Structure formats: structure tokens, C-alpha cells
Amino acid sequence: MTNDKRLKISVIMPAYNAAHLLARVLTPLLEMHANGEVDELLVVDDQSTDNTAQLAREMGANVLVMPENGGPGAARNYAAKTAKGDILWFVDSDVIAWSGGADIIRKAFAEDGVAAVFGSYDASPGAPSWFSNYKNLTHRFHHQHAQRDATTFWSGCGAVQAQAFRDLGGFDTEIYRVPSIEDIELGYRIKRAGGRILVCPDLLGKHLKVWSVRNAIFTDIFRRALPWSRLMISREGLTNDLNTGTAERVRALVAGLFIMSVLALPFAPIYWPLTVFLFVLTIVINREFTAYLVKNGGVGFAIGSMLFHQLYYVYSATAYVWCLLEYHLLGRKDRLHVP
């Protein structure tokens, strides 16, 4: 972009039934606006059934109301049409953006060719359960250890050059009709158009989402693994970035062997040493991630998280294999829509 350090930033927060979160997530953004760190703050109410729009107005935000419920991608597109900033900073309604984020964003966009940047969650998620902490810390780990030049985009706390966003048509809400991988797909289009996407580890937000095991598995499979696999297979190929890298594929293979050994134990209990060996092997090949979990939650938290993490590897890899079969053997080459 340009070296202008005072690029105007419009913050866009899509919100649906988020009244219970606004005191925590909107207050710091309003402070940034009042201090001149950001130039515009737009809350897009996606036809909430609670008093999200009213409360946001009372708190001092500029509120737009969607003509109909369309999901966060459509809400971001709606606000982008009238946003005044040179940069669109997307912040989810369950993310508390850290102070100083605007300066980090401006500094990143001062580099040559940068069209988008994104950060990560912080190390202290707001949800109380161990499983929610595991999910949020896992997300943080991958973003903190990603290559600086990314191939995808993340809209939970990420920013895009406004003109580039409009030129590319924003988020694809025809294919991704529900919250899914619309930000990842946008990142692919940004890269194809020649724009750089930077990962900024210091651009942080605290995630307040409460995950259940059931909701996480459904989301991981039907809103992430399947649509992302179809996108990679049909358009981009398998990328070596974030949680699709080569090392992650090896870890998924070992996880599959471990899960199979666990399932075989009732029929062949004599082979329990193999199961123990495979679990130890998963710890070894995930030693950096395991140490990170221990640091942020203790040994018990790390063991429980690593056990579930092996299941995560298996169902995510299975989804990718299914999509390969779907594409090459069943001839379903247009299965991109997420209903």
C-alpha cells in the first residue's frame, strides 16, 4: 500500500444476539475510537432477536441493521459498502480486541504489496471450560507459529485494504451461506490477485466463545474440514500453511494409528504397549504444542487436550480423504456450497 502511517481504519463488527457480550467487546473499541486510534466503528446487527442494536447505539456505536439475516460474511459486506476507512478491520462480536491493534495494522500495511493482515487469539481465553480453552489455545498456537506471509485470511481479528476488498467482491456469501470458510476463500482470491497477506502475532484478541464437544466436532467437520478440503482440491491444492502443513499431515497419520490401536484394545488387549507407544509418539511429534498446553493449563489439561486432539486429526483427515474420493471417483467437482 502506502507508507502513510495515518491510514483511516474502519472497524466492522457483525453481531447477532450479542447483547450479553457488548459490554466486554464493544467498550475497548469505543475507547479506541474516542482516542483516535480508529476512525470509524460500525456494528452490523444481523436481525438480532434480542436488543443488540439498541444497546450498541446506547453505548455510542454507529449501528447498521441488515435488511435480512445473512450471517457474518454478508454483514461485513454490507458495512464495507459505506465504510469510510482505507482499511477494514473485522472484529467478531465474541472477540475483545487488544489496545494497540490499530498501530500494528497500520505498520503492517506500510509494507509493499500488503492487502490483508490478521492476528490471533491471546493466551487467556474468556471461556471457563477446559474444552473451550483447548479449542481457543489450539487456534492461537497455529496462528502464532504460522509463516509470516500467509496463503489464507482470518476475519475474527483481521484487516483488509478496503479497495481490494471491494474489487474482489467481498466475502462469497453465495457459496458460503452459513459461517464457514468464507474468510479462507477470500484469502485465496487476495493471493491470486497478487496481494500479500501477513500474519501479525501481536495483533491479539480475547476469544469468549464457549465450545461444547458436540458443537466443535460438527463445526470442525461440516463448517471447516469439508468445505476447506473441497476448496483446496478443486482450486488451490493442498497448502503448506497453518494447520494444513506437511508436519500436520504426518501428525494426522500417527493419530490415525493411535485411534485404531485404541479401538482394537477390546479385541486384542495384549497389544496395549503399542497403544501406549503411539500416544507417547504423538506427544513427541507434537512436543512444542504439548509444552504450550502444559504452560497454559497444566499437565492434566495437556493430556486431556492431546487425547481429543488425536480424534480431531482423524475426523479432519477423514473429511479430506472423503472429498478426494468425492472429487476424483464420484465426479462431484462442483461441491463447494455450504448449505
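Each reported figure results from applying straightforward, stated rules to the coordinates on display, with no laboratory input. Being a predicted model, the structure only gives us computed values, none of them experimental. Methodologically, a virtual Cβ is constructed for each residue, glycine included, from the backbone with ideal geometry; neighbour enumeration extends over all protein chains shown.
A few notes on this one:
- Coordinate range of the alpha-carbon atoms in region 9-211 per principal axis, descending: 42, 39, 37 Å.
- Relative contact order of region 213-339, pairs being alpha-carbon contacts under 8 Å that are 6 or more residues apart, as %: 41 percent
- Sites Asp202 and Phe277 - FRET efficiency at Förster radius 41 Å, r taken between beta-carbons, to 0.05: 0.55
- Placing +1 on each Lys and Arg Cβ and -1 on each Asp and Glu Cβ, with no other charges, gives region 9-211 a dipole about its Cα centre of roughly 360 debye.
- Placing dummy labels 7 Å off each Cα toward the beta-carbon, the span from Arg235 to Glu58 is 4.2 nm.
- Computing FRET efficiency as 1/(1 + (r/R0)^6) for His145 and Asn17, where r is the C-beta to C-beta distance and R0 is 30 Å, gives about 0.35.
- Scattering curve values for region 213-339, log₁₀ I(q)/I(0), Debye with Cα scatterers, q = 0.18 Å⁻¹: -1.04
- Each Cα pair under 8 Å and six or more residues apart adds its separation to the average, and for region 97-202 the resulting relative contact order is 41 percent.
- Packing-based ranking, highest mean first, of 98-110, 279-291 given that Cβ atoms within 10 Å are counted: 98-110, 279-291
- Coarse-grained scattering of the chain at q = 0.07 Å⁻¹, given as base-10 log I(q)/I(0) from a Debye sum over alpha-carbon atoms: -0.30
- Full-stretch length increase - Phe222, Met260 - with 0.36 nm per residue and alpha-carbon distance subtracted: 11.4 nm
- Put a plus charge on the Cβ of each Lys and Arg, a minus charge on the Cβ of each Asp and Glu, and nothing anywhere else: the dipole of region 95-172 about its Cα centre is then about 220 debye.
- Ranking Phe218, Leu253, Phe308 by how far each Cα lies toward the positive end of the dipole of region 213-339 (charges on Cβ) leaves Phe218 at the top.
- Whole-number percent relative contact order across the chain, with pairs defined as alpha carbons under 8 Å at least 6 apart: 18 percent
- Model label zone, Ala247; criterion: amide N under 16 Å from point 7 Å along Cα-to-beta-carbon; scope region 129-168: 138-149
- Calculated [θ] (222 nm, deg cm²/dmol) that DSSP helices of n ≥ 4 give over the chain, each run adding -39,500 (n - 2.57): -15000 deg cm²/dmol
- Simple Cβ-charge dipole of the chain, Lys/Arg +1 and Asp/Glu -1, about Cα centre, in debye nearest 20: 680 debye
- Cα-Cα over 22 Å, subset of Lys84/Lys209; Lys135/Lys295; Lys8/Lys107; Lys81/Lys107; Lys107/Lys209; Lys84/Lys191: Lys84/Lys209; Lys81/Lys107; Lys107/Lys209; Lys84/Lys191
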